[in-house]
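Q: Structure incoming, see below.
Where a number appears in this text, it was derived from the coordinates with a stated rule and is not lab data. Please read all numbers here as calculations on a predicted model, not as lab measurements. Cβ sites come from the backbone with ideal geometry, for glycine too, and all protein chains shown count toward neighbours.
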Amino acid sequence: MAKKLFIETLGCAMNVRDSEHIIAELSTKEDYELIERCEDADLILINTCSVREKPVQKLFSEIGQFNKKKKPDAKIGVCGCTASHLGEEIIKRAPYVDFVLGARNVSKITDVIHRKGAVEVDIDFDESTYAFSDYRNTPYKALINISIGCDKECTYCIVPATRGEEISIPPELIIQEASKAAKSGAKEIFLLGQNVNNYGRRFSDGRRKIDFSDLLQMVSEIDEVERIRFTSPHPLHMDDKFLEVFASNPKICKSMHMPLQSGSTEILRAMKRGYSKEWFLDRAFKLRELVPDVHISTDIIVAFPGETKADFEDTMDVIEQVRFEQIFSFKYSPRPLTKAAEMEPVDPQIASERLTRLQNRHMEILDDITAAQKGRVFDVYFDELKSGGMVSGRSDNNFIVQVRGSEELLGKTLPVKITEPRRMVLYGEVLQQES
Ligand code: 5AD
Ligand code: SF4
């Protein structure tokens, strides 16, 4: 009888893909099947994130809960970025944890499950050419890694210390994977990397001359691929060639994540982001000019050490000028193994006030953007059944759209007229197509 696997995934899309790889390896090589309740599992895994402090604190209380609920002989494994960063300490603090598997050691999963006390967290381990078994959370979309690690040195960020140096995955492996996924029904391909538009910088199996724009073109040449998305690009590497390929290739979805982090050139320098406020604005305006309907999302950190009122006003100014369709905003959280952790923090009260002001202002902008969608028609690719007889999908430019309907809409791209736009979801009706 198949053994039972429960897995909880926190963090970014790369972690979601790592969990898919873990499930794939365990189901094809170890006869595990995925279940929904940790109480019934033979193996409980938690795939962690350490980008901010909160999820790390939560980790220990959570594995404590798993330990209480689990079957007596069930194993517990801690994977992902916190595993990389804390390593052995996890087993010292929680001795009932059976193994620790770092974010860059995913391919060793079938080995560590048999070694009580195993700690595999080598951040120099190179799995850029490892052929993982196949598993996807949804048949309609395929997440595909195009690189591992990150070469940047953003002073607030723990990721280079958890995922190691950046190595690009060879293009032929990516094309092979995208082709296979698209032929089996995943018409949307989601390319993943810490810094996707730095693609091609280093391969572990020799030199090649290829960049991210070339890779996008190659993926778009696969007939069965209808839509291409990617995350995360870096504003510094948004050269004209990249923006032009983005704008002109009809298969590339018109939504761009542009992680601003701060609108102040001074703070950007202290963060070692490599661009200025002016460069960011120039790229965002160029993007809006080339693709008038583009959806721009961003990440912002408020109250980075040394952020003055004037620095924060620069961030607010960029928000006014770019009018992002989506903002993920965070209070700065000091992380171990980072340069900024040694710097003088901003008063927590001021940090909270800034975050609230930014989020409130963005809600107002978003309300205007949302209201303007009423009556518009979007091509929506449906990929998820929702409760109450609704089906959900995304427009090319990344709005979440829901309509009344059932399974037969799944996997289809249909024109939808927006009747009731709300902040998080645009509700609409599928337009009857002429036969
Ligand atoms: N504090 C707060 N937010 C952070 N991020 C990364 N590191 C930190 C930190 N130390 C945010 C950045 C990044 C997103 C994934 O998380 O905005 O783009
Ligand atoms: Fe979290 Fe960053 Fe690791 Fe993703 S790469 S799981 S965001 S720490």
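Q: So how strong a dipole does segment 377-430 carry about its Cα centre when Lys and Arg Cβ are +1 and Asp and Glu Cβ are -1, to the nearest 20 debye?
A: I would put it at about 220 debye.
Q: Can you compute the charge dipole magnitude of segment 44-151 about its Cα centre, using +1 on each Lys and Arg Cβ and -1 on each Asp and Glu Cβ, nothing else charged? Give it in debye, rounded to the nearest 20.
A: About 720 debye.
Q: To continue, here is another question. Among A2, S406, I365, flag the residue with its Cα farthest along the positive direction of the charge dipole of the chain, charges on Cβ as +1 for Lys/Arg and -1 for Asp/Glu.
A: Working it through, the farthest residue towards the positive pole turns out to be A2.
Q: Are there DSSP H segments in the chain that both extend 27 Å or more along their axis (alpha-carbon positions) and score a mean Kyte-Doolittle hydropathy of at least -1.0? List them, or say none. If you can, show how the numbers build up before the last one.
A: Numbers: long enough: 348-371 (34 Å, -0.61).
TM-like helix candidates: 348-371.
Q: Could you tell me which residue out of S220, M271, I158 lies farthest along the dipole of the chain toward its positive end? Charges go on the beta carbon: Lys and Arg +1, Asp and Glu -1, centred on the Cα centre.
A: Positive-end residue among those listed: I158.
Q: Give the aspartates and glutamates whose C-alpha is closer than 18 Å to that of K183, dropping any in the same chain fewer than 8 places away, or say none.
A: D134, E172, E221, D223, E224, E226, D383
Q: Among the listed pairs K251/K417; K141/K241; K180/K412; K272/K309; K108/K241; K4/K116, give every one whose C-alpha distance is greater than 30 Å.
A: Over 30 Å Cα-Cα: K108/K241.
Q: Could you sort the peptides 126-135, 395-404 by per-residue average Cβ neighbour count (10 Å cutoff), highest mean leading?
A: 395-404, 126-135
Q: In what sequence, highest mean first, do 169-177, 54-62, 226-234 appear when ranked by Cβ atoms within 10 angstrom?
A: The most tightly packed comes first, giving 226-234, 169-177, 54-62.
Q: Further question: If amide H atoms are built 1.01 Å from N in the plane of the peptide, which residues on other chains or at least 5 residues away come under 5 Å of the amide H of K412?
A: Long-range HN contacts for K412: F382.
Q: Report the one residue of C253, L431, A118 whose Cα lies farthest in the direction of the positive end of the charge dipole of the chain (charges on C-beta: Lys and Arg +1, Asp and Glu -1; origin at the Cα centre).
A: Checking the options against the dipole of the chain, the answer is A118.
Q: Next up: Dipole size in debye (nearest 20) for the chain around its Cα centre, Lys and Arg Cβ +1, Asp and Glu Cβ -1? Don't skip to the answer; put the middle values down first.
A: Numbers: 60 positive and 70 negative charges, 128 e Å.
Roughly 620 debye, rounded to the nearest 20.
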